[in-house]
Structures are given as C-alpha cells and as structure tokens.
Amino acid sequence: MSVIEARSLTLSYGHKPVFAELDLLIPPGKITVLIGSNGCGKSTLLRSLARLLKPQEGSIWLDGSEMSRLSSKEIARRLAILPQGPVAPEGLTVHQLVKQGRYPYQSWLQQWSKEDEKMVKKALEVTDMEDLSDRSIDSLSGGQRQRAWIAMTLAQNTPAILLDEPTTYLDMTHQIEVLDLLFDLNEQESRTIVMVLHDINLACRYAHRIVAVKDGLIYAQGAPETIMNERLIRDVFDMECQVTADPIFGTPLCIPYGRGRKVLQPVMA
C-alpha cells in the first residue's frame, strides 16, 4: 500500500494559477476518484501527484519520502500513471508497449527475467489483449488502444496506480471491465488507486473516497454516500439533479435534469 500526500501545493500553467496552498492525503489501499467540471484542474493535480508537473511551491510525498528526492526509477517501481492521450512510437506493437511497463526493473545487472515475462503476460490477459499482442498500436481502435496502455500500466506492478480518465474511448462493457479490474486489484492486492472520472455514477460505485474539485479548491472530500448530494452537483457542475440510491449497489445515483427541461412529477396511485 502507498500513501501519497500533497503539502501546501501550489500549481500553475504559465502565469495562470491552478491550485494554491493545497493539502491532500490519498489514503493507502483505497480507491480515490477526482471529480469536477472540465478545466477545474483534476488532471493537473493528478500529474503533480506523479511528479510529472513540478509545483511552484509545496511538495509531494510518497510513503513518507519527498518525491523530489527520489530517482525516477524508484518512483516508477512504486507508482504508475496513465495520463490522458498517451502516444506510442509509430509501428510499436501491443506486446512491445506492454513490455515498457517493466523498464523500471531493468538494469545492466538485471536484464529481462521470467518475472518480467509473467507480468506482461498477466497484464495482456486481464485486459483481454492477448489476441492483439502482435498488432501495431496505431492499427487499433480507440478502445483497444486504451486497453493496451492500461495493460502497460498494470505490467509495471506498482503498489499505487494513477489513471487520468481510464474509461475514455471505451464502450459501456469495457468501461465496467476496466473499473472491475481496478476494483479487484484494490480488493485482492490492496493497491492504492487514484483516478479522474467524468461519470459521477461510476465514481460513486467504485470509489471509497471522492475528491470534488472546483475553482482550484477541494470543494468536498469523503465517502460517496457522505458527500454526494444535489447541492454538490449544482455547485461543482452547475447542474440540477436528483441524487438517490442505486437500486442494485446502494451507492449514490445522480439523475440529471438538464437545463430548461420540465421535470415530471411521480404519478400517484
């Protein structure tokens, strides 16, 4: 299990501030989902937690160590990230891409091993990419390409996994398969999972903890059933809705009204 913590974090793009003096603790062995409207800074925050974006002030800590003091390979053995829209070199096959996930474990003294092969094979199996392993990445559909990148991330076999909109380009079936896979990794192996998701209902279904971001601030954070309500959706997403209990899972279920739409009243018997 990995503990990730932001302390007095200040982030900006160019001269535009995104977050200022932000404190955030990602609990170990849990699934944390970042939600918020487009452009609110979710992806920026996720990238900073993986040391892909240098803070102007403050620091990121991983398992009690300040990340700026750790080597890139050391971080890559403990934390994997799948950013938005990753690009593979032209002609690279699925198998070659997934093998890149084992790079942090390679050195002059330690070359490709049976453990590396095992991790690659397992990652291809669980993402249902075995039959496509010899295909080039640029020949795949958007959904297949996304699953290939997820397989590479899983092959890295880190205690913590950060994913920026991992269900992008996936149809409904594969969205659930990917989220079920991450849920199982958390349940069975106590992996720390941090995701950015746009689907509020899937976020509520899979997250132990939700962090709602608005205007460079953490608007609310906590268990879905504790913080998810109509006011949060209105303030964070500028959307009227009704929040009820999912009839199958019991988690919060957001039913949006839209704007200018007439809301039907329930028919009384």
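The values are calculated or read from the model by the stated rules, or taken from the named source; none is laboratory data. Values in this document were obtained by computation on a predicted structure and should not be read as measured data. Cβ placement follows ideal geometry from the backbone for every residue including glycine, while neighbour counts extend to all protein chains displayed. Keep in mind that these areas ignore ligands, DNA and RNA; they rest on the heavy atoms of the full protein, side chains included. Shrake-Rupley method; radii C 1.70, N 1.55, O 1.52, S 1.80 Å.
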Multiply the residue gap between W108 and E225 by 0.36 nm, knock off their C-alpha separation, and tell me the result in nm, one decimal place.
37.1 nm
Check: the stretch 121-269 dipole with +1 on Lys, Arg Cβ and -1 on Asp, Glu Cβ, in debye
480
Semi-axes of the stretch 116-265's equivalent ellipsoid from the Cα gyration tensor, sqrt of 5 times each eigenvalue, largest first, rounded to whole Å?
33, 18, 14
Rounded to the nearest 10 degrees, the helix 172-189 long axis (Cα) sits at an angle to the longest Cα principal axis of the chain of 70
Using only DSSP helix segments of four residues or longer, with each worth -39500 (n - 2.57), what per-residue ellipticity at 222 nm results for the chain after dividing by its residue count and rounding to 500?
-9000 deg cm²/dmol
For the chain, take the longest principal axis of its alpha carbons; what is the angle in degrees between that and the long axis of helix 114-126, to the nearest 10 within 0 to 90?
30
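Cross-link list K54/K214; K30/K114; K42/K99; K73/K99; K30/K99: which exceed 23 angstrom alpha carbon to alpha carbon?
Cα-Cα > 23 Å for K30/K114; K42/K99; K30/K99; rest within.
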Counting only protein heavy atoms and leaving out ligands, DNA and RNA, the solvent-accessible surface of W61 at a 1.4 Å probe, in Å² to the nearest 10, equals 60
The extension gain from S71 to L25, computed as 0.36 nm times the residue separation minus the Cα-Cα distance, is 14.4 nm
Say a site is exposed when it is one of the trypsin sites (Lys or Arg not before Pro), sits in a DSSP loop, and has at most 13 other Cβ atoms within 10 Å; what is then the longest site-free stretch of the chain?
1-258
Non-local amide H neighbours of C241 (under 5 Å, H modeled in plane, Pro and chain starts lacking H): which ones?
Y257
I'd like the FRET efficiency for Q84 and I176, computed as 1/(1 + (r/R0)^6) with the beta carbon distance as r and R0 of 22 Å, rounded to 0.05.
0.60
Given unit charges at Cβ for Lys, Arg (+) and Asp, Glu (-), the dipole magnitude of the chain about its Cα centre in debye, nearest 20, is 500
